[in-house]
Each structure stands twice: as C-alpha cells, then as structure tokens.
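Structure first, commentary second.
Bear in mind these aren't lab numbers, they're just calculated from the coordinates by the rules spelled out. Please read these numbers as outputs of a predicted model, since none were measured by experiment. When we count neighbours, we look across all protein chains shown, and the Cβ atoms used for this are built from the backbone with ideal geometry, even at glycine.
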Protein chains: 2
Amino acid sequence: MRRWGATSIEGEHPVNEKASPRTLAEIASYHAHIYYAGQPERRHAEWLRLRIAERFRVRLGNWRDEPVGPHQQAMYQVSFANELFATLVPWLMLNHGGLSILIHPNTTNPKRDHLIDPIWIGRPLGVNGEVLGDEDEAEEALEVNTEPTLGA
Amino acid sequence: MRRWGATSIEGEHPVNEKASPRTLAEIASYHAHIYYAGQPERRHAEWLRLRIAERFRVRLGNWRDEPVGPHQQAMYQVSFANELFATLVPWLMLNHGGLSILIHPNTTNPKRDHLIDPIWIGRPLGVNGEVLGDEDEAEEALEVNTEPTLGA
C-alpha cells in the first residue's frame, strides 16, 4: 500500500519525517487551467490566450464554456513542457488580471496533482477530485500549436 | 495616476484590454513563505527547511514563530533568485506536505506582489496588505546561506 493512502486528501504533513523527498523526475509536464465566469472575465481570458500564443510554445486547448471533467467552471487548458515553467508561470502571475488559474504537474497520480500539489494564481476554485484517478500514465506535454514570436 | 489605482485590491481584469502585458523584467527575485501552525506542521517545516538547504542555493530566513509584518501565521522566508524558480517551486509543490506556502515575486510594488500576483501551494492564508507599500525598490535575492550538495 502506498504511503499516500495513509494521509487525508487534504494533504497532511507526511507520516514519516524520515522519508526522502519526492523529486522533479516525477513531473512529465504541466497544465495551466485558465478559468473565467462572465463576459469581462472571458474577455480577459481571450486577451491572455492571444498573448500566450505570441510568447510561449504551448498547446492551447479548446474553449470549454461549460464545466468539464474535474473543473467546476468554464476554462481552457494550456499544456506545456517543464522547461517553460520558469517563464510561463511568472508571466501568468503578472498578467492573470484577477482570473483564477490552476497549474498542476502531470505525474502518475492525477488526483493528487489536481487536489494537493497544484499552485493557484488568484482565488482557488473547487475541483471535483472523484473523477480523477490516482494511478495513471504521466502525461507528456501535448503537441505545440502556437508559433510565438515575442519574448516574455 | 497608475492604472493599478483604478482596479480593486482583489485584482480585477484589466480595464484596458489593449494594454501590453507586464514582462518578466519586473521581477528582481522571489520569496517563498512557508507557514505552519502547531507542532506536526512545524516538524514538517523543519523537514522541508533541511531538505531545501541540501538542494537549493537560497537565503533561509529566521524562524518566525509569531506573526510578523503582513503574515498572520508563523512562518519562515526563503529568498531566491529567478533562476531557481523552475526547480524550487515544483519541488515545493511535490513536498509541501499540506503546509500553506506563499510564493511572490519581488517587483516595485510589494502590496500587489503579496496580495494579487502570488501563487499559493496548499490552502491560501490571509495577508495583511495594509502594512505593505505599493511603490518601493524591487528586492534582489538575499545573500545565499545554504551549501547544497544534492539534486532536486
């Protein structure tokens, strides 16, 4: 049984303080989920999407104007490779404009990735963890569909 | 008057959607604030602190067992250079063990850095923004006081 099973889904302190830390090798890629509610927020999500495309080699996912999967609010997904973390994440911090953005690693445990280990920019929203597995193949970054020409 | 003054402290969508994005050049360094409450959390904060010191060239701040400055809960600060963002932040995502961690950029606007633009790992906590200025010199990374020997 995995140690994870002994802790609550809220992410308690480890039971065994002698344990080795988890390593970055677990992370195959990242997703950012950019949420919006109402027209002003959707307009800022559009503004962000265009400017992300101009600056970052990522996979921009479809607009999801209705909640889908574990997400309780409209959003689109940005799939990106580990090497973009240092630029895309801070850029989103500076430019989120009040939108809620979930950024999670993709490891072999999607439930933990979404519920316990993510970072949030802006106000955290609910995530329906029950539709997520806790053992899966770690997702690599999806095929890039942007052609950036600008720096960040 | 700066555009910022026209938006709420909650970080609304930008008033002017034609505006240029903010750039990463604004960020002089980062702070991570690792919060704890009660002995089990303090023990995990100790566990993290040792393992951060073994792996990352950062400035570990003093233990602050009483709230200080804008912080409403006990914590210690980790000051780090921009080039550590891509490793230290994901490592904290994987190893926070349920602790709340605030990570904010250091730009010329500490109030905005702490209240609007940060990322949170774990449950976000309150931050007393009224003690922070909105115009200051951007803080560079503080002198390193760790001697890491391990990879992340």
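The calculated 222 nm mean residue ellipticity attributable to helices in the protein assembly as shown amounts to -7000 deg cm²/dmol, summing -39500 (n - 2.57) over DSSP H runs of n ≥ 4 and dividing by all residues.
About its Cα centre, the protein assembly as shown has a charge dipole of approximately 40 debye under the convention of +1 per Lys or Arg Cβ and -1 per Asp or Glu Cβ, with nothing else charged.
If you wrap the stretch B:44-124 in the convex hull of its Cα atoms and look at it from every side, the mean projected area works out to 5.3 nm². Taking amide H as placed 1.01 Å from N in the peptide plane, the amide H of residue B:64 sits under 5 Å from that of B:75, B:76, each at least 5 places away or on another chain.
Longest stretch of chain B clear of exposed loop sites (GluC sites (Glu not before Pro), DSSP loop, at most 14 other Cβ atoms within 10 Å, sites excluded): B:18-134. In nanometers and ordered shortest first, the copy-to-copy spacing of the residue A:130 label point, defined 7 Å from Cα toward Cβ, is 4.3.
Between residue B:26 and residue B:68, the simple label model (points 7 Å from Cα in the Cβ direction) yields a spacing of 2.8 nm. For residue B:128, the shell of other residues with beta-carbons less than 15 Å away shows a net charge of -1, using +1 for Lys and Arg and -1 for Asp and Glu. Using Cα pairs under 8 angstrom and six or more residues apart, how large is the relative contact order of chain B, in percent? Contact order relative to length: 32 percent.
Of all aspartates and glutamates in the structure, those lying under 12 Å Cα to Cα from residue B:111, and not within fewer than 8 positions of it along the same chain, are B:10, B:130, B:134, B:135, B:136.
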